[in-house]
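In what follows, a structure is listed as structure tokens, so that the remarks can point back to it.
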Amino acid sequence: MSRDPIARTRPRSADVDADRLWRRHLEMARLGATPKGGVNRPALGEKDIEAHALLATWARQRGFGLAIDDIGNMFVRRPGTADDAAPVVSGSHSDTQPTGGRFDGIFGVLAAFEALEAIDEAGIETRRPLEATIWNNEEGSRFVPGTMGSGVYAGRLVLADTLAAVDREGITVADAVAALKRGIPDADVRALGAPITAFVEAHIEQGPVLEDAGEVIGVVTGIQGSRKFHIEVIGEEAHAGTTARRHRKDAFVEAVAMVNALHEIFHDAEDLARFTIGQFEILPGARAVVPGRVKFSIDFRHPEISVLDDLGDKVEPACRSRARACEVTIDELPRSAPVAFSGLVPDAIEAAARLRGYPGRRIFSGALHDAGNLARQFPAGMVFVPCERGLSHNEAENAKPSDLAAGAQVIADVLVDLANRD
Ligand code: GLV
Ligand code: MN
Ligand code: MN
């Protein structure tokens with residue numbers, strides 16, 4: 001018996017290959033690479049389907065199984081000795097923001113796949129099957145809403161409505177999923193919502209806490225809630241040279257009044273409310289035409305449900321009361337309540353990080369993640385690793401190979417642990 005007390009208690013697992021994991025990040029980053037070193041990979045666009053196909057190629061080389069479900073989530077499977085048992089699953093997303101980075105999402109996919117490969121190479125049998133997954137359309141920048149694939153899988157979103165959503169070109173999610181299935185014709189069919197023993201997602205932190213503390217692993221305790229709105233202000237197009245102010249229905253002027261009012265409402269002394277207008281479109285967008293229409297988005301997040309309710313409910317009256325000559329329509333997307341991760345998965349992550357000797361802490365997530373949806377149905381949790389300056393949703397997003405490997409190692413250890421528990 002080993003004299004090292006840690007080695008004695010460590011469950012048998014496999015060491016991940018840090019170089020292979022890094023090389024795979026660089027290969028994936030070529031798909032949709034931007035001139036500034038980032039990635040633009042819209043969900044199930046050509047480059048994202050290539051990313052799925054690349055993972056599928058690696059999976060086939062290992063003899064792993066492959067399946068796709070009706071909303072376009074893809075699963076790589078390493079069988080268990082009790083192969084009809086519900087799998088232990090890890091993964092994240094491969095789509096990016098339009099000016100996204102090389103790690104948001106794809107790290108969680110590659111960490112899960114590296115874990116499966118390392119476990120396979122070490123010849124470790126697990127009782128339950130292990131799966132590495134790509135959830136479809138997490139970012140929500142091509143199709144709305146985001147965290148779409150995991151949302152449908154976990155029953156938060158309705159399949160038929162979600163398949164009917166269209167991108168700016170009028171392409172439906174159903175069309176895009178069909179394109180994915182054509183790109184990976186040999187994938188099996190995976191049942192939506194099939195039971196999962198536990199889900200664990202690795203992700204870069206997208207904030208500065210771990211880097212500032214010189215720590216490597218964040219055990220995520222929860223995700224703040226969010227409410228999202230589409231606002232449309234409808235005025236009347238008119239000649240810029242001949243139309244007097246008193247006759248104008250200027251959608252831009254009234255939208256600006258709404259935006260200013262909203263910024264005041266969402267300004268909290270504690271600086272906890274996250275309020276963003278990331279899209280603002282003036283139509284027809286011609287210099288000599290009084291704007292007839294403005295569309296803008298609202299993304300509001302907060303850790304407390306009561307604040308999400310109270311402040312979010314102020315959006316509609318704030319906009320309506322600033323609409324004078326114009327009309328306004330307010331559409332709210334499906335809400336995400338705050339999520340708490342506790343018990344099985346965070347405890348297993350913490351134990352794995354401790355046994356490997358990685359410094360870390362419990363940490364809360366400001367960003368949304370697929371694990372938030374999964375946690376509504378199945379035991380779930382997340383592992384954060386540091387990213388440079390906490391910068392994300394930015395082409396300069398960066399992370400250290402050794403930190404990524406530490407995250408993947410924790411995933412491997414947690415998968416083996418949870419797949420072999422009674
Ligand atoms: C996803 O990245 C989000 O937090 O919006
Ligand atoms: Mn992400
Ligand atoms: Mn993101």
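The values are calculated or read from the model by the stated rules, or taken from the named source; none is laboratory data. In this text the structure is predicted, and so the values were computed from the model without any measurement. FYI the Cβ positions are ideal-geometry reconstructions off the backbone, even for glycines, and counts take in every protein chain you see. Surface areas here come from the heavy atoms of the whole protein model, side chains and all, with no ligands, DNA or RNA. Shrake-Rupley method; radii C 1.70, N 1.55, O 1.52, S 1.80 Å.
Summary table below
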{"quantity": "Odd one out for Thr162, checked against (1) hydroxyl-bearing (Ser, Thr, Tyr); (2) within 16 Å of ligand 3 (Cβ to nearest atom); (3) in contact with a Pro (Cβ under 9 Å, 6 or more places away or on another chain); (4) over 19 Å from Ala29 (Cα atoms)", "calculated": "(2)"}
{"quantity": "Residue in region 83-110 that is surrounded by the fewest Cβ atoms within 10 Å (Cβ to Cβ), counting only those that are more than 16 Å from ligand 3 (Cβ to nearest atom) and under 19 Å from Leu21 (Cα atoms)", "calculated": "Val89"}
{"quantity": "Selection count, region 254-264, where residues are open to solvent by 50 Å² or more (accessible area, probe 1.4 Å) and touching a residue at least 24 places away in the same chain (Cβ under 8 Å)", "calculated": "0"}
{"quantity": "Filtered residues of region 118-142 (kept if in a helix (DSSP H, G or I) and open to solvent by 10 Å² or more (accessible area, probe 1.4 Å))", "calculated": "Asp120, Glu121"}
{"quantity": "Criterion (touching a Ser or Thr at 6+ places or on another chain (Cβ under 8 Å), among the aromatic types (Phe, Trp, Tyr) and either on the phi > 0 side of the Ramachandran plot or open to solvent by 40 Å² or more (accessible area, probe 1.4 Å) (or both)) met by exactly one of Phe384, Phe378, Phe364", "calculated": "Phe364"}
{"quantity": "Residue match in region 390-400 (condition: more than 16 Å from ligand 3 (Cβ to nearest atom) and touching a residue at least 60 places away in the same chain (Cβ under 8 Å))", "calculated": "no"}
{"quantity": "Answer residue from region 311-353, given it is modelled with pLDDT of 95 or more and in a strand (DSSP E or B) and is surrounded by the fewest Cβ atoms within 10 Å (Cβ to Cβ) among those", "calculated": "Asp331"}
{"quantity": "Residue within region 143-163 that is in the same structural domain as Ala51 (by TED's automatic domain parsing), in contact with an Asp or Glu (Cβ under 7 Å, 6 or more places away or on another chain), surrounded by 15 or more Cβ atoms within 10 Å (Cβ to Cβ) and aliphatic (A, V, I, L, M) present", "calculated": "yes"}
{"quantity": "Test: residue in region 224-244 that is among the hydroxyl-bearing types (Ser, Thr, Tyr) and surrounded by 17 or more Cβ atoms within 10 Å (Cβ to Cβ)", "calculated": "yes"}
{"quantity": "Qualifying residue in region 387-403 (condition: modelled with pLDDT of 95 or more, under 17 Å from the mean Cα position of the chain (by Cα) and part of a strand (DSSP E or B))", "calculated": "no"}
{"quantity": "Residue selected from region 142-158 under the condition in contact with a Gly (Cβ under 8 Å, 6 or more places away or on another chain) and among the hydrophobic types (A, V, I, L, M, F, W, C), by the criterion farthest from Ser297 (Cα to Cα)", "calculated": "Ala154"}
{"quantity": "Segments classed as helices (runs of 4 or more DSSP H), wholly inside region 1-83, with at least 1 members that are touching a helix residue (DSSP H, G or I) at 6+ places or on another chain (Cβ under 8 Å), charged (D, E, K, R) and at pLDDT 95 or above", "calculated": "18-29, 46-62"}
{"quantity": "Residue count, region 185-213 (criterion: among the hydrophobic types (A, V, I, L, M, F, W, C) and surrounded by 18 or more Cβ atoms within 10 Å (Cβ to Cβ))", "calculated": "8"}
{"quantity": "Count - residues of region 354-370 that are within 16 Å of ligand 1 (Cβ to nearest atom) and assigned to a helix (DSSP H, G or I)", "calculated": "1"}
{"quantity": "Residue that is farthest from Lys36 (Cα to Cα), among those in region 98-129 that are more than 16 Å from ligand 2 (Cβ to nearest atom) and aliphatic (A, V, I, L, M)", "calculated": "Ile124"}
